[in-house]
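Q: Take this structure first; my questions come after.
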Amino acid sequence: MASTPPRSTRTRVHVVSDVHGNARDLARAGEGADALICLGDLVLFLDYADHSRGIFPDLFGEENADRIVELRTARRFEEARAFGARLWSGIAGDRYAAIEKAVRKQYAELFAAFPVPTYATYGNVDMPPLWREYARAGTTVLDGERVEIGGRTFGFVGGGLRTPMRTPYEIDDEEYAAKIEAVGEVDVLCTHIPPEVPELVYDTVARRFERGSRALLDAIRRTRPRYALFGHVHQPLARRMRVGATECVNVGHFAATGRPWVLEW
C-alpha cells in the first residue's frame, strides 16, 4: 500500500485587487494557493486605459467615454457630473436599474470565477447589497471582520472614503474608522484603500493623490500587523514600504496584470 506523502506545513495565499471585469485571469488566480484573497473593485465601469470597455461606454459609446475621462483626469469634476447628467437624461427608464443590470451581469461571471476558498471584501466601485446574491459556498465576504488562514489572523475592511468621484461604496471617515477599530490586532490587515501615506496614495499616471485612510495608518502604527495589504491606486509612486514594523504592500492592478500577489509562510 502506497504511503501518503506528508502534508506541507507551509501556507500560500494569493491576493488580488482591482479586478475590474478580468474574469479570465481571476479564474486562474488561485492556482497553487491554499486560498485567494480579493480586496475589491470587481466592477468595470470605465477603463481609463481602454475607453471602449466598461458599463459607461456600453451605455453611451466610446466618444463620450473619451470626454468623461478627459474631464475627470483634469479634475473638472463638476463639468464631468454635468456632462454625465446630460447623458443619463437620454436613457429611458431608471438610471440605477440600468447600472444594476450591467453590474449583475459582471458579478455573475466574476463570482463564478472565484476559486474555493476565497475571502473577499468590497472596493469603492462595488455594490455590497448584491454580493450576498452572488457569493457561492466557499466565498467568504468580510467587512470589519477577521478570519484565520493557516494560523494567521487576517482582518478585512472594505470600501473607500468620500471623494468628488462619488463612486458607489464610499463611506464617511467615522464609519470607516469604526470598522478598522472592530478588526483590532491582526497579523495581516487587508483593505481596499491604502493608508494615508503620500508615496502610497499618489497615482503616477492619473497624476493625482487618491484618498487614503488616516485611521488605517494610525491602526498600523498602533497594532503593528506583519503586513498591510491593499489596492485602489493603480499606478502608485511606491508599491511597498515599511511603516514601523509593518510591510505595506499595494498588491497590484489585477485588471491590467492578471497576476496575484503571493504571500507565503
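The values are calculated or read from the model by the stated rules, or taken from the named source; none is laboratory data. Since this is a predicted model, take the numbers as computed values, not measurements. Positions of Cβ are backbone-derived with ideal geometry, glycine not excepted, and every protein chain shown enters the neighbour counts. We work out accessible area using only protein heavy atoms, side chains counted, and drop any ligands, DNA or RNA first. Shrake-Rupley method; radii C 1.70, N 1.55, O 1.52, S 1.80 Å.
Q: Mind grabbing the base-10 log of I(q)/I(0) for segment 102-183 at q = 0.14, 0.26 Å⁻¹? Debye formula, identical points on the C-alpha positions, no solvent, two decimal places.
A: -0.53, -1.27
Q: Rounded if a/c is under 1.5, else prolate if a/b is larger than b/c, else oblate: which is segment 115-265, with a ≥ b ≥ c the root eigenvalues of its Cα gyration tensor?
A: rounded
Q: Same structure again: Determine, from the Cβ-Cβ distance of Thr73 and Ala245 and an R0 of 51 Å, the FRET efficiency 1/(1 + (r/R0)^6), rounded to the nearest 0.05.
A: Efficiency at R0 = 51 Å is approximately 0.85.
Q: Rank-order 195-208, 226-239 by packing density, defined as the average count of other C-beta atoms within 10 Å over each peptide's residues, highest first.
A: 226-239, 195-208
Q: Now for a separate question. Percent antiparallel among DSSP beta bridges with both residues in the chain, to the nearest 5?
A: If we restrict to bridges inside the chain, about 40 percent are antiparallel.
Q: Would you mind calculating the gained length between Arg104 and Asp34 on full extension (0.36 nm times residue separation, minus the Cα-Cα distance), in nm to one decimal?
A: 22.4 nm
Q: By DSSP, what percent of the beta bridges with both residues in segment 96-223 are antiparallel, rounded to the nearest 5?
A: Taking every DSSP beta bridge within segment 96-223, about 40 percent pair in antiparallel fashion.
Q: Pick from Gly90, Gly158, Gly32 the residue whose mean-square fluctuation is largest in a GNM of the chain, springs joining Cα atoms under 10 Å.
A: Ranking Gly90, Gly158, Gly32 by mean-square fluctuation puts Gly90 first.
Q: Computing the accessible area with a 1.4 Å probe over protein heavy atoms, can you report the carbon and sulfur percentage for segment 148-237?
A: 45 percent
Q: Full-extension gain between Thr167 and Glu199, please, as 0.36 nm times their residue separation minus the C-alpha to C-alpha distance.
A: 9.2 nm
Q: Restricting the calculation to Cα positions, tell me the Rg (one decimal) and the Dmax (whole number) of the chain in Å.
A: Spelled out, the Cα radius of gyration and Dmax of the chain are 18.9, 74 Å.
Q: Next question, about the same structure. Calculate, in nm to one decimal, what Glu264 and Ala49 gain on full extension: separation in residues at 0.36 nm each, minus their alpha carbon distance.
A: 74.2 nm
Q: On average, how much accessible surface per residue is there in the chain, in Å², for a 1.4 Å probe, leaving out ligands, DNA and RNA?
A: Accessible surface, normalised per residue, equals 48 Å².
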